[in-house]
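The next block holds one structure in the form of structure tokens; read it before the comments.
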Amino acid sequence: MAHNRRDFLKRSSVLAGSAVAGSLVSLPAAAAAPLRRRGRARMTLRYRPYTLELRHVFTIATSSRTTTPVVLTEIEYDGVTGYGEASMPPYLGESHASVLDFLSRVDLSKYENPFELDTILRDVDAISTGNAAAKASVDIALHDLLGRLMKQPWYNIWGFDARKTPYTSFTIGIDTQDVVRQKTKEAAEYKVLKVKLGRDTDKMIVETIRSVTNTPITADVNQGWKDRAVALDMLHWLKERNVVMVEQPLPKEQVDDLAWLTERSPLPIIGDEGVQRLADIPKAKGVYHGINIKLMKCTGMREAHKMIVLARSLGMKVMLGCMTETSCAISAASHLSPMVDWADLDGALLISNDVFDGTRVVNGKVTLSDRPGIGVTKLKG
Ligand code: MG
């Protein structure tokens, strides 16, 4: 009994350690279940490269593509397997080769207790300065493993209400008027649309969508505007057309211009390219109204949770985004979604060769599975 209590207290401190900036995370009853002793069990990390096929050519302000490289990971411990994923859109600087090289340097066999999340993930983070997606693939698989060992989904472990998930936006890429009109009609199920702006077609795209529907729109400029006064005019124009929020209107380096714009903007301004990790948030206060958190930018679920707590404590808005990913990484992120203002978790809907079933989008709403861990089942293939 004394041993079980020690284990419980040790584990409690690990989980409660995710509280930052004075906020506390209460431990649900689920986490109090005694951890059975597992003798000499050790974690084993496995991984393989995979290529996602996109349903449509995907165009943003800076590039177009039809595939996305990912690496699928598994961590096995005492007969239980957790699943993870790294997604590497080319503009982030990671690739199959860089992720496989990083993962070859991760040795999980040296840890006796997989619940020592802070120690394990701190060590993984210290392997290199970049490789955020590679790190996320370890973080997600480890979270999935722990949830499965505790037999609880992460929304329960974190104490979130799974019914309070948001609607996800559905992205309409930069395209011709006919394609935008067609994609808008196909997206009738979604309660929020997201448009990619930042080219000279911006007004055409928004007006084309408005010729089909008045569904609220979030706009992502991907640093595509350059002049703050022109940007401010566009923000007023967008607000009149029921655009509700704008991501990264100016290049992230134009910090003073972004702060000027945020002070005057009629719409919330959210930093995406300009905010990667926890340490970026204090600097982002005043530059943006809020931040877009993505697991592949911030090294995974553990840091994403800390980022939400910190941003909230600073009075900032929170958006939860994604890359094109399988339902593995989307499901991992979705357990945080009851805590955010906007969710953009359509990544798995944009691909034709998913290898997981997990969180789904039902009538536009992020809908969590009640399975343990991140809630995924591996499909054949
Ligand atoms: Mg963005």
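Can GLU263 be described as part of a loop (DSSP other than H, G, I, E, B) and either buried (at least 16 other Cβ atoms within 10 Å of the Cβ) or away from the ligand (no atom under 16 Å from the Cβ) (or both)?
Taking the combined requirement at face value, the residue does not satisfy it.
Could you go through the range 148-170 and let me know if any residue there is within 23 Å of GLY271 (Cβ to Cβ) and modelled with pLDDT under 95.
Yes, that holds for at least one residue.
Would you be able to say whether some residue in the range 77-94 is polar (S, T, N, Q), in contact with a Leu (Cβ under 8 Å, 6 or more places away or on another chain) and in the same structural domain as ASP139 (by TED's automatic domain parsing)?
Looking through the range 77-94, at least one residue is polar (S, T, N, Q), in contact with a Leu (Cβ under 8 Å, 6 or more places away or on another chain) and in the same structural domain as ASP139 (by TED's automatic domain parsing).
Among the residues of the range 221-235 satisfying the criterion of being surrounded by 17 or more Cβ atoms within 10 Å (Cβ to Cβ) and over 24 Å from the mean Cα position of the chain (by Cα), which is nearest to the ligand (Cβ to nearest atom)?
TRP225
So, in the range 266-292, how many residues would count as being more than 16 Å from the ligand (Cβ to nearest atom) and of a type outside the set (A, V, I, L, M)?
Counting residues in the range 266-292 that are more than 16 Å from the ligand (Cβ to nearest atom) and of a type outside the set (A, V, I, L, M) gives 5.
Which of the numbered conditions does LEU238 fail, given that it passes all the others? Conditions: (1) away from the ligand (no atom under 16 Å from the Cβ); (2) of a type in the set (A, V, I, L, M, F, W, C); (3) over 25 Å from the mean Cα position of the chain (by Cα).
Status for LEU238: all satisfied but (1).
Give me the strands (runs of 3 or more DSSP E) completely within the range 274-381, filtered to those with at least 1 residues that are surrounded by fewer than 22 Cβ atoms within 10 Å (Cβ to Cβ), ordered by residue number.
Correct list: 317-320, 360-362, 365-367.
The values are calculated or read from the model by the stated rules, or taken from the named source; none is laboratory data. Given the structure is predicted, the values throughout are model-derived calculations rather than measurements. Note that each Cβ is placed from the backbone with ideal geometry, even for glycine, and that neighbours are counted across all protein chains shown.
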